[in-house]
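Notes for the one structure printed next.
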Amino acid sequence: MKTLKKDGISVIVTVFNKEAYIEETIKSVLQQFNSRKKYQLIIVNDGSTDCSLDLIKRVVKNNNVYTTLISQKNTGPSIAINNALKYVKYSFIKFLDGDDILAPDSLDYMKEQMEKKNIDLLYGDWKWSNDPKKYRFRKNKPSSKIMEDSVTKFLISGWGGSSNLMIRTEVILEIKGCDEDVFVQDFSIPMRVAGNHLKSKESKESKEFNVGTTEKIICVGPRKVANRIMSNEGQTLYDLSIATLNFIEESNLLNLIEKNRALKKIISRCWRWRIKVSKESILGRFLFVYLLSKINIGLCSKKIRLHVYRTWFSNNQIRKIDKSPDVGRKILVYVGLDLLGDALLKVPFLKSLRKRFPNSKITWLAGKGSSVFQSSLKPISEGLIDKIEDNRSFGSSFFDLFKKNDFGSYDIIIDTQKRLLTTLVLKKIKCKIFISPCANFFFSDFVPKNTKTVNLSVSLINLVEIFHCRSLNYSNNFQPQNSKKFCICPGASVIWKKWPLENFIEVSEFLIKKRVRPIFLLGPKEGYIERNLRRNFSQEIGILSTNDPIKTIEMAKTCIGGISNDTGCGHLIATTGIPVITLFGPTDAEKFAPIGNNNNFVLSSVELFKSKNIDSIPVPFVLNKINLLLKSYN
């Protein structure tokens, strides 16, 4: 492939908070420019917050050299380089970090070696120094050589770098620049160049590039730099692992032996980090993953990617780019019985799952009876569930263990229940990743970071968090504009869940004084409540009596908040995202509390007043919480 770029060298310098070094770095480049040859300097200020930008402008102005200066928000070297590629004029590109010093004769030397030996990417040597600007470079010109088996060198040995390489412009454009799924480019560029010809059967004409090395020292960097990316071992190991996985998944022609070696290397890397840094028990769960990998079991790149995410999950010093491709995954979610109350608790989980996998096909399997998402809650499931399988009588019988199933295969199966027999039956369905809380996640390929969560909705969201490289914060805050309504759910299925009706009447009177209209949401069997309300109020309140949950939700969306007993009506209004006050008696408030809005209040008679009687929650205490909600709205 012939390059359209002019013969010459473009130097790309990436800078983030390098005020102590950037002037010397730029000078080390500019002193090699001369009028007889063509050079270009491109500097990317990657969101520096120190004086780097001012220093760049000053040194460039003083040297009277035309420079392309790009300023962007801090997104990392990979994206910085890709942005710079749009401005490249010449046929060779030299990368340089903003704190490295370039050897005085390195630009012309590297270009001459690459042209002479037909090299597409050339690596030189590099050194650390306490004072790089005083380092004495040798003016030598050793002969470079083509690297043998370069794919193995980069894939297995994790060899790489950026400031010590030069690359042909046509080559980096061929590999489509830096891999933006990783923060730094040091490992992804050489890997993708060396393995360009291994992409796929459809890319048989992809050129095989030559990678060369030279013993000449190309650059020197400061030994001690605060917050340097490549001094952060966690960042280096994380990016190396992700870059390797991306390369493996792009390279369908990669030798299976080399692929497995690389995957084992990643598992070993995770194992060492977990034991030495994260201080996990050497006899912990990951020991089995590590041992099985040694005999070529569990070497699935998608599964290992999750191991990488989980290994460095809690390290806030690492810049993680959570851009795992969601290209038509097949996901099966098993829920057993799917009645109204159970389904409402799963809505936050469903929303989180769809947000994580927007393009995947999600199948919802209700193993017992009909799914409420197929009927009364169908409008809620639209856009969240692609296919519902119900009335299958699947997962409850011992004989299901011996029957053939017709569910096909899936990328991911998420089992939301904890019954052992059902989990064993689900394990018979073919899948790449199996998630289940059964037996304390004994059968699950992955375990959430927090397995002690009591709240049912949060524990389900934790199953989705497994597929993220950072913690999830489920938020569903919503309040309508200019509303003067407040919804009330006074009913419940059993008497001991009901706060006295006269208390709700007091709440209504308080709201009316605040010029907020109470809206009572009742079920079809709660006519006696409606009659009581009609006797106490005329037109000051609103009453909606319906067995249609969607109508209840639509009404709740017009209200600035709500109050409810621990009942299905309360979970319905909570799905809208309005702030809700939920009253609990003897039932487990922590387990069944609705989630989503940051202004929700959970009032438990057991926790607050040491009584299982919901009547012990005093009206003034509740009114105080309502007043707080009203103030937050105003």
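The values are calculated or read from the model by the stated rules, or taken from the named source; none is laboratory data. The structure presented is a predicted model; accordingly, all values stated were derived computationally and were not measured. No Cβ is skipped: glycine too gets one built from the backbone with ideal geometry, and neighbour counts run over all protein chains shown.
On the stretch given as region 353-411, residues that are farther than 14 Å from VAL333 by Cα and within 25 Å of the chain's Cα centre (by Cα) total 7.
Does ASN74 qualify as being over 29 Å from LYS176 (Cα atoms) and surrounded by fewer than 18 Cβ atoms within 10 Å (Cβ to Cβ)? Criteria not met by ASN74.
Taking each residue of region 15-41 that is in contact (Cβ under 8 Å) with a residue 24 or more places away in the chain and looking for partners that are among the basic types (Lys, Arg) and in a strand (DSSP E or B) with beta-carbon atoms closer than 7 Å, six or more apart or interchain, yields LYS38/LYS6.
From the list SER508, SER493, the one residue that fits, being more than 16 Å from LYS625 (Cα to Cα), assigned by TED's automatic domain parsing to the domain that holds THR587 and of a type in the set (S, T, N, Q), is SER493.
Pairs linking a residue in region 282-298 that is closer than 19 Å to GLU258 by Cα and part of a helix (DSSP H, G or I) to a residue that is modelled with pLDDT of 90 or more and among the β-branched types (Val, Ile, Thr), with Cβ atoms under 8 Å and 6 or more positions apart or on different chains, are TYR290/ILE267; SER293/ILE267. Within the set of pairs 6 or more residues apart or between chains, which connect a residue that is surrounded by 22 or more Cβ atoms within 10 Å (Cβ to Cβ) and assigned to a helix (DSSP H, G or I) inside region 348-373 to a residue that is at pLDDT 95 or above and aromatic (Phe, Trp, Tyr) with Cβ atoms less than 8 Å apart? Qualifying pairs under 8 Å: PHE373/TRP364.
Of the candidates GLY195, GLY212, the single residue that is over 27 Å from ILE267 (Cβ atoms), assigned by TED's automatic domain parsing to the domain that holds ASP149 and at pLDDT 90 or above is GLY212.
Name the pairs: first residue in region 114-132 and under 15 Å from SER162 (Cβ atoms), second residue surrounded by 15 or more Cβ atoms within 10 Å (Cβ to Cβ) and among the basic types (Lys, Arg), Cβ to Cβ under 7 Å, at least 6 apart or on different chains? Pairs that qualify, where the first residue is under 15 Å from SER162 (Cβ atoms) and the partner is surrounded by 15 or more Cβ atoms within 10 Å (Cβ to Cβ) and among the basic types (Lys, Arg), are GLY124/LYS216; ASP125/LYS216.
Of the residues making up region 266-281, just one is assigned to a helix (DSSP H, G or I) and of a type in the set (Gly, Ala, Ser), namely SER268. Among the residues of region 538-554, some residue qualifies, meaning at least one is more than 29 Å from PRO379 (Cα to Cα) and free of Cβ contacts under 8 Å to residues at least 24 places away in the same chain.
When only residues in region 399-438 that are closer than 15 Å to GLY336 by Cβ and among the polar types (S, T, N, Q) count, which is surrounded by the most Cβ atoms within 10 Å (Cβ to Cβ)? Checking each candidate, the answer is SER436.
Conditions tested, residue by residue: (1) hydroxyl-bearing (Ser, Thr, Tyr); (2) at pLDDT 90 or above.
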{"residue": "SER52", "(1), (2)": "yes, yes"}
{"residue": "LYS61", "(1), (2)": "no, no"}
{"residue": "VAL65", "(1), (2)": "no, no"}
{"residue": "LYS86", "(1), (2)": "no, yes"}
{"residue": "TYR90", "(1), (2)": "yes, yes"}
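The condition (being within 25 Å of ASP400 (Cβ to Cβ), within 22 Å of the chain's Cα centre (by Cα), in a helix (DSSP H, G or I) and not basic (Lys, Arg)) is satisfied by just one residue among LEU424, LEU463: LEU463. Would it be correct to say that ASN565 is within 22 Å of ASN634 (Cβ to Cβ) and either among the small types (Gly, Ala, Ser) or in contact with a strand residue (DSSP E or B) (Cβ under 8 Å, 6 or more places away or on another chain) (or both)? Spelling it out, it is not the case that ASN565 is within 22 Å of ASN634 (Cβ to Cβ) and either among the small types (Gly, Ala, Ser) or in contact with a strand residue (DSSP E or B) (Cβ under 8 Å, 6 or more places away or on another chain) (or both). Against the test of being touching a residue at least 12 places away in the same chain (Cβ under 8 Å), under 30 Å from ILE529 (Cβ atoms) and of a type in the set (Gly, Ala, Ser), the options SER475, SER436, SER471, SER493 yield a single qualifying residue, SER493.
Here ILE563 meets each of (1) farther than 16 Å from PRO480 by Cα; (2) buried (at least 22 other Cβ atoms within 10 Å of the Cβ); (3) without any contact (Cβ under 8 Å) to a residue 24 or more places away in the chain with one exception, condition (3).
Would you check if LYS86 is assigned by TED's automatic domain parsing to the domain that holds LYS176, surrounded by fewer than 17 Cβ atoms within 10 Å (Cβ to Cβ), over 30 Å from GLN113 (Cα atoms) and among the charged types (D, E, K, R)? The answer is no for LYS86.
Tell me whether region 510-524 contains one or more residues that are under 29 Å from PHE373 (Cβ atoms), touching a helix residue (DSSP H, G or I) at 6+ places or on another chain (Cβ under 8 Å) and assigned to a loop (DSSP other than H, G, I, E, B). There is at least one residue in region 510-524 that is under 29 Å from PHE373 (Cβ atoms), touching a helix residue (DSSP H, G or I) at 6+ places or on another chain (Cβ under 8 Å) and assigned to a loop (DSSP other than H, G, I, E, B).
For (1) over 25 Å from the mean Cα position of the chain (by Cα); (2) outside any loop (DSSP other than H, G, I, E, B); (3) among the β-branched types (Val, Ile, Thr), each residue gets a yes or a no:
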residue: SER163; (1), (2), (3): yes, no, no
residue: MET166; (1), (2), (3): yes, yes, no
residue: VAL171; (1), (2), (3): yes, yes, yes
residue: GLY177; (1), (2), (3): no, no, no
residue: ASP181; (1), (2), (3): no, no, no
residue: GLN185; (1), (2), (3): no, no, no
residue: ILE189; (1), (2), (3): no, yes, yes
residue: ARG192; (1), (2), (3): no, yes, no
residue: HIS197; (1), (2), (3): yes, yes, no
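One line per residue, one yes/no per condition, for (1) in contact (Cβ under 8 Å) with a residue 24 or more places away in the chain; (2) assigned by TED's automatic domain parsing to the domain that holds ASN503; (3) among the β-branched types (Val, Ile, Thr):
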| site | (1), (2), (3) |
| --- | --- |
| THR567 | yes, yes, yes |
| PRO586 | yes, yes, no |
| LYS591 | yes, yes, no |
| VAL602 | no, yes, yes |
